Every structure is written in C-alpha cells, then in structure tokens.
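Q: Submitted below is the structure of interest, expressed as structure tokens.
The values are calculated or read from the model by the stated rules, or taken from the named source; none is laboratory data. Quick caveat: nothing in here was measured; it's all calculated off a predicted structure. Neighbour counts run over all protein chains shown; Cβ positions are idealised from the backbone, glycine included.
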Amino acid sequence: MNLQKSRRKRGVILTPQGWEKFQRARTEAEDCDNDGIRYTLEALSFRIGLDSDTLCKVCDRQVGVDKNTLHRCFAAFSLFLEPRDYYRPELPSERVAELGAGRVKVRRDWDEAPDCGVFYGRTEELAQLESWILEERSRLVALVGMGGMGKTCLSVKLAEQIQDRFEFVIWRSLHHAYPVKELLAGLLKFLANDTEVNLPETVDGRISQLIQYLREHRCLLVFDNMETILQGCDRATDLCHCMGYYGEGYEGYGELLKRLGETPHQSCLVLTSREKPKEIALLEGAILPVRSLPVKGLPAAAAQKILTANGCFWESLNDCNQIVDFYGGNPLALKIISRTIQTLFDGNLSEFLQQKPGVFGHIRYLLDRHFERLSDPEKEIINWLSSNHQPASFSQLREQISPQMSPTNLLEALESLTERCLIDKATPKFIDKGSTLFYLQPVVREYAISSSLSR
C-alpha cells in the first residue's frame, strides 16, 4: 500500500522534447488567439482548467504530476501527449535530499584514474561543468581538446568534487580500447552491486539495461581517452568524413552515446577526447542535455605556477609569457620543457628561451599523434597557414587553396581542424570587422614548418 502511494505521488515530468512541444504550441496560441500577448499564469490556468499551483509544478518540471494533468495541458492546445513527451522520475525527492546530505552511501570505482596531484587553474571550467551536470541535469558532457591540455585531470577533479551527489561513480579509461560489449558488462555488474546479473547477449540489450539503472539511480560515468576508439583519416582521402567516426568494431559506442543523450534519465556520462564524437556534434545545444567543453590552454597566471613548481625561474616576466604563449598554455608541454630547463639550464627559463627552442621530445610525439590522423585537405590548410604567418579569413583560404580543394572540402576540413583544437579563431575588432580569422598556435606552426622541411 505504501509503495503504491509513493508511486502515485511521484507522477510524471515533461521531457525536454515534451516541454519544447508544449511551449511552441503555447506561443502559437498567444499569437493567434491572444493578439501576441503572453498568457499570464491566471489566463493559462483558466484555458487549461487547472489550478495555478498544479500548473507551476508542470512548468517547473522538478516534481511529478498526474499523467492526466499533462493530458489536459496538451489537449488545451490541441496536442496529443505521446510517451516520449514525459518520463517517470525514478528517484524521489527525499532520496535526492539524502544524497545531498551524505546519508546515502556512494559506491565508487575509480579504475585507472590517475592521481593528478596539485591542480592549477580550470576554476571557470569546473564551475561550468558543475552547473551543466548538477543544475541543468545534462546527460552527456564531452571535454574536447589537444593532447596534454589536462582533460583527464579535469575529469578526475570534476568527479571528485561532485561525487557525493551521486549514488554510483564509475571512471573508465578507454586507452585499452575495450569492446563496448565488454565495457557494458563491467558497468552492469558494478551497478548491480556485484551480485549475479543476467546480461543480455546483444549490445542493444545491454545499453537498455544500463539506461534502466541510470533511471533508477543517480550515476556519474566517466570515459577517458575516447579518441582511442575513433578512426583516423586515410592519408589518401580528399574528404573529412572520418572525424568523429568510430574504428571498425567500435561502432557500438556511437549507439551508446546516442541513446544516453536522447533517452531521459537522471545520470550523466562525462567523456574526454581529442576529437568530438559525431553523436555529440549532432545532439549538443545550449538548452539541450548534451554539451561539450573545449579544453584549451591555461591562462598565464596558472601556467606560471606550473613552471615555478617545477623549479623554473626567469629574468623577466616577458620571458615567461613568451614561453607560455609559444606552447599555447599546454600544461603537459610546460612540464616537459621544465624538465629540460632544469637539466640543461639549472632552471633558468630565460637562458632556455635564448636558444630559440622549438618542438622536441615528447611534445613532437604529441603533435605526431594528432597529425597522423589528419586528412590531406586538413594538412594542406595547416601547411598554408604555417607558411603564411598572418591569420586568414575563409575567403582568403578559398582564394589561395582553391581550385585545388573544393569549397565543400574546405568547409569540412576547417570545421574538423577547429573541433580538433588544431586551429584557433579570432574576430578582429577594428580591421575587417565581422570576419572570422583562422590561425595556428605558434607551437603548431613550428611543428608544421619543421615537418615540411624534413620531408
């Protein structure tokens, strides 16, 4: 009896699709039936035939209401309520309160998550991610950026800060390129509290079972190094349809992301990648439950702390800023050069700078891994930008690179390089106002020039 009362009390809530459908019909009715004047709460209550308190619950979408209530809301605007327009919250509000108060035990599986030690900067990024996940209830969030930018440590720091708001926290590295079926099996067994679980034979069945857990429990999943299962571009191809697509045998990950992004649930998957999976690009939006965050270089103040912590000093702050600018604020690159500065110049960064350092050691290895995944059109754009030291607009690139490259390929290649964070964009304030300019970070330009000379 008590269970039945609890379920009736829980009710149903409009999904983002259902809410958008209702809002669109309401706006059309205001234009057609109310001379373009927005309905007040009282007028809306009169049209639908519901009291104001119930209507507020429908619009707030925080607590469940009776399904007949949603039927009346939709019928008032000649809409039909479909199953995809609503969902039944599986976690009662009391349970959420218990989580926030720390009265629910959190099960954690950190797997191979690294100990990131001292963490510099990323205050704004962490605040944005917490807002998306805890306040806006995003279901799928991607951290995308070049190698060495600190995406992995950012994901660990984020998970550590918000773990007490979830019943389950699971961190997985995809560096070993697990088949999706194997990954899902491990997740399902952990979510079943390591009790015996009847695993479906198909990937589709296992995804459905996972979504059921994500509805019943508030879970935080983190997938690190997603680029491992994405395919690189065939060097011979003239198209850029490979960016964000999966390697052979890993297509099931795409279905997993698609369904986790589209299906209502109360959990969140955070992933890190050097490339944006195509499902993220298709599903993300400013008011949608799928988001992506470009992880770029650290600002000067945080970058200086990394250099200082690794024993570097400088004769002038300008010397330090030149190094930070050249390496694009990349935390790993700064740590690498710090070791070189310590070994060869006793920590004197200014002396290191006088040698006009370029791309060397593991920094070259990082960029090699990015460039080996590029298509010919992408490489052609980077080579042109590296040989022409000034930023260029799309029109300038089209004039200089076409007719060797079609406008379609140029668009695809530019978008791909931007998503890979290999080129940056700038909008001038005074000269050629309104035109977006594309340019390379100094370290990428230096790499491209040296690679071209070595060929």
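Q: Among what's in segment 250-275 and is touching a strand residue (DSSP E or B) at 6+ places or on another chain (Cβ under 9 Å) and free of Cβ contacts under 8 Å to residues at least 40 places away in the same chain, pick the residue that is farthest from LYS296 (Cα to Cα).
A: In this case the residue turns out to be GLU262.
Q: Need pairs with beta-carbon distance below 7 Å; first residue free of Cβ contacts under 8 Å to residues at least 24 places away in the same chain and under 18 Å from ARG72 (Cβ atoms) and within segment 28-57, second of a type in the set (Val, Ile, Thr) and surrounded by 11 or more Cβ atoms within 10 Å (Cβ to Cβ); sequence gap 6+ or separate chains.
A: Sorted first by the residue in segment 28-57, then by its partner, the pairs are LEU50/THR69; THR54/VAL65; THR54/THR69; LEU55/ILE48; LYS57/VAL63; LYS57/VAL65.
Q: Moving on to the next point. So which of ALA75, ALA43 ends up being assigned by TED's automatic domain parsing to the domain that holds GLN23, over 16 Å from TRP19 (Cβ atoms), at pLDDT 90 or above and not charged (D, E, K, R)? Break it down into steps so the answer makes sense when it comes.
A: Values: ALA43 fails: at pLDDT 90 or above.
Testing whether each residue is assigned by TED's automatic domain parsing to the domain that holds GLN23, over 16 Å from TRP19 (Cβ atoms), at pLDDT 90 or above and not charged (D, E, K, R) leaves just ALA75.
Q: Right, something else. All but one of (1) among the acidic types (Asp, Glu); (2) at pLDDT below 85; (3) more than 26 Å from the chain's Cα centre (by Cα); (4) surrounded by 15 or more Cβ atoms within 10 Å (Cβ to Cβ) hold for GLU419, so report the exception by its number.
A: (3)
Q: Answer yes or no: is there a residue in segment 308-315 that is over 20 Å from MET149 (Cα atoms), touching a residue at least 12 places away in the same chain (Cβ under 8 Å), surrounded by fewer than 15 Cβ atoms within 10 Å (Cβ to Cβ) and over 34 Å from the mean Cα position of the chain (by Cα).
A: The answer is yes; a qualifying residue exists.
Q: Just give me the residues in segment 189-215 being aromatic (Phe, Trp, Tyr) and over 24 Å from the mean Cα position of the chain (by Cα), in sequence order. Lay out the reasoning, then the answer.
A: Initial filter on segment 189-215 (aromatic (Phe, Trp, Tyr)): 190, 213.
Hit for segment 189-215 is PHE190, nothing else.
Yes or no, residue by residue, for (1) at pLDDT below 85; (2) in a helix (DSSP H, G or I); (3) more than 25 Å from the chain's Cα centre (by Cα):
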{"position": "PRO357", "(1), (2), (3)": "yes, no, yes"}
{"position": "TYR365", "(1), (2), (3)": "no, yes, no"}
{"position": "LEU385", "(1), (2), (3)": "no, yes, yes"}
{"position": "GLN400", "(1), (2), (3)": "yes, yes, yes"}
{"position": "THR408", "(1), (2), (3)": "yes, yes, yes"}
{"position": "ILE431", "(1), (2), (3)": "yes, no, yes"}
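Q: Of the residues GLN17, GLN23, only one is in a helix (DSSP H, G or I), in contact (Cβ under 8 Å) with a residue 60 or more places away in the chain, under 37 Å from the mean Cα position of the chain (by Cα) and at negative phi; which?
A: Working: GLN23 fails: in contact (Cβ under 8 Å) with a residue 60 or more places away in the chain.
Of GLN17, GLN23, the one residue that is in a helix (DSSP H, G or I), in contact (Cβ under 8 Å) with a residue 60 or more places away in the chain, under 37 Å from the mean Cα position of the chain (by Cα) and at negative phi is GLN17.
Q: Any residue that is without any contact (Cβ under 8 Å) to a residue 12 or more places away in the chain and farther than 25 Å from GLN441 by Cα - is there at least one of those in segment 317-338?
A: The answer is no, given that none of the residues of segment 317-338 is without any contact (Cβ under 8 Å) to a residue 12 or more places away in the chain and farther than 25 Å from GLN441 by Cα.
Q: Filter segment 355-382 for residues that are in contact (Cβ under 8 Å) with a residue 60 or more places away in the chain and basic (Lys, Arg) and give the result.
A: Let us first name the residues in segment 355-382 that are in contact (Cβ under 8 Å) with a residue 60 or more places away in the chain, namely 358-359, 363-364, 366-367, 369-378, 382.
If the condition is that a residue be in contact (Cβ under 8 Å) with a residue 60 or more places away in the chain and basic (Lys, Arg), then ARG364, ARG369, ARG373 are the ones that fit.
Q: Among the helices (runs of 4 or more DSSP H) confined wholly to segment 257-336, which include 2 or more residues that are outside the structural domain of GLU125 (by TED's automatic domain parsing)? Give the steps one after another, and end with the answer.
A: Numbers: elements: 278-283, 300-309, 317-326.
Ranges flagged: 300-309, 317-326.
Q: Give the residue, chosen from LEU230, LEU199, LEU214, that is under 30 Å from ALA333 (Cβ atoms) and among the aliphatic types (A, V, I, L, M).
A: Numbers: LEU199 fails: under 30 Å from ALA333 (Cβ atoms); LEU214 fails: under 30 Å from ALA333 (Cβ atoms).
When all the criteria are applied, what remains is LEU230.
Q: Confirm whether VAL58 is closer than 30 Å to LEU283 by Cβ, modelled with pLDDT under 85, of a type outside the set (Gly, Ala, Ser) and in contact with a strand residue (DSSP E or B) (Cβ under 8 Å, 6 or more places away or on another chain). Please lay out each step first, then the result.
A: Numbers: closer than 30 Å to LEU283 by Cβ: yes; modelled with pLDDT under 85: no; of a type outside the set (Gly, Ala, Ser): yes; in contact with a strand residue (DSSP E or B) (Cβ under 8 Å, 6 or more places away or on another chain): yes.
No; evaluated as a whole, the condition is false for this residue.
Q: Quick one: is LEU187 buried (at least 19 other Cβ atoms within 10 Å of the Cβ), without any contact (Cβ under 8 Å) to a residue 40 or more places away in the chain and assigned to a helix (DSSP H, G or I)?
A: Numbers: buried (at least 19 other Cβ atoms within 10 Å of the Cβ): yes; without any contact (Cβ under 8 Å) to a residue 40 or more places away in the chain: yes; assigned to a helix (DSSP H, G or I): yes.
Yes.
Q: Taking the residues in segment 142-188 that are more than 16 Å from TRP132 (Cβ to Cβ) and among the β-branched types (Val, Ile, Thr) as candidates, determine which candidate is farthest from the chain's Cα centre (by Cα).
A: Within segment 142-188, the match that is farthest from the chain's Cα centre (by Cα) is VAL180.
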